[in-house]
1. Does segment 35-141 come out rounded, prolate or oblate, given a ≥ b ≥ c as the square roots of the eigenvalues of its C-alpha gyration tensor, rounded meaning a/c under 1.5 and, failing that, prolate meaning a/b above b/c?
2. Amide H of VAL123: which non-local residues (sequence gap of 5 or more, or other chain) have their own amide H closer than 5 Å, using H built in the peptide plane?
3. Quick check: residue separation of ALA89 and ILE280 times 0.36 nm, minus the Cα distance between them. What number comes out in nm?
4. How far is helix 276-300 tilted off the main Cα axis of the chain, in degrees rounded to 10, range 0 to 90?
5. Among ILE261, ILE57, ILE284, which one shows the biggest mean-square fluctuation in a GNM of the chain, springs joining Cα atoms closer than 10 Å?
6. For ILE115, enumerate residues with amide H under 5 Å from its amide H, sequence gap 5+ or separate chain, H modeled in the peptide plane.
7. Compute the accessible area per residue over segment 145-287, keeping the other protein chains in place, probe 1.4 Å, unit Å².
8. Quick one: dipole size for the chain, taken about the Cα centre, charges +1 on Lys/Arg Cβ and -1 on Asp/Glu Cβ, in debye to the nearest 20.
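The values are calculated or read from the model by the stated rules, or taken from the named source; none is laboratory data. Model, not experiment: these values are computed from the prediction. Quick reminder, even Gly has a Cβ in these numbers, built from the backbone with ideal geometry, and neighbours come from all protein chains shown. Just so you know, the surface numbers come from the protein's heavy atoms only, side chains and all, with ligands and any DNA or RNA stripped out. Shrake-Rupley method; radii C 1.70, N 1.55, O 1.52, S 1.80 Å.
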Amino acid sequence: MHVFILILLYASMAQAWNILGGYCGQVSFGHSVFFGIGAYGAAMALVTYGMAPWPGILIGMAAAGLVAVVISYPCFKLSGHYFAIATFAIVEIFFRMFQVWDWIGGAIGLDYPVIEEGLWNLVWYSKTGYYYFALILFVVVFGVVRWLEGHRFGYYMKAVREGQETAESLGVNSAMVKLTAMAISAVLTALCGVFFVQYNLRVDPSMVISLDMAMKFVLITILGGAGTLLGPLAGAAVLIPLQEYTRAFWGGLGGGIDLIIFGLIIILMVIKQPAGIVGIFQGIRQRIAKARGKGGAEIGTP
């Protein structure tokens, strides 16, 4: 059940990133910052102030959206690789800042005390409660993206992705579209961070605001198929079991072995099928449809 819970969590994380990176075409490596802000919001409410995590969840999500808008406004003046490099730098800045910030526990982080299980504290002693929590998170994040796909704003995002200048010539405010996409993506990412800290019962900067965590947002989505609804789920369904397998059997080789394997898989996927796993299935479906059409034409030929 642990693997299923992680698949739901990482699929939700990748889907949150997919709003900006897949549908809007802005490749960001800074989403671990929003993930960490959401995690620290819930943890501080419970550990530092002895409250239920709910106020911290709301504050963390709002803070993540605000930080996303503030830091992305200047970054969106950059484009392509320069935007991606800027988001790399943002992760490093927040990581160092959180490591020396005593109010949030510094590099040691925050450890949950023994508390009563249940919905009020969002803590359970068995995996079953977390499974349903992860399932609700999954439905919420995927539901938002599904709604965006059919909404006018979703078409605006795709227009900016396909050609910003062309979209602007048609009256689309590309700056506002990108900022809104970043804010929605950051808020949902922070919500995923809430689940992460409630599941692990502790948080420190290296767990949430790190480059390897930032890479997972991107790799899972690209492997599954960026800009598609099912892509993040397909990517998580492949990479998370692989991650757990490498951690269990090759963990002695040192940290990051899973990312090395992820990288090799991504290289092969980008070369052979840039559209990801979803692209493979779409290609198979098209070939089947083409074969059926050809067969029907031959049957109908006198």
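1. Working: a/c = 2.51, a/b = 1.64, b/c = 1.53.
Prolate shape, in that a/c is at least 1.5 and a/b is the bigger ratio.
2. Here the answer is GLY118, since their amide H atoms fall under 5 Å of that of VAL123.
3. Values: separation 191, 0.36 × 191 = 68.76 nm, distance 3.39 nm.
Working it through step by step, the gained length comes to 65.4 nm.
4. It works out to around 20 degrees.
5. With Cα springs under 10 Å in the chain, the top fluctuation among ILE261, ILE57, ILE284 is at ILE284.
6. none
7. Here the per-residue accessible area is 48 Å².
8. Values: 17 positive and 14 negative charges, 214 e Å.
The calculation lands at about 1020 debye.
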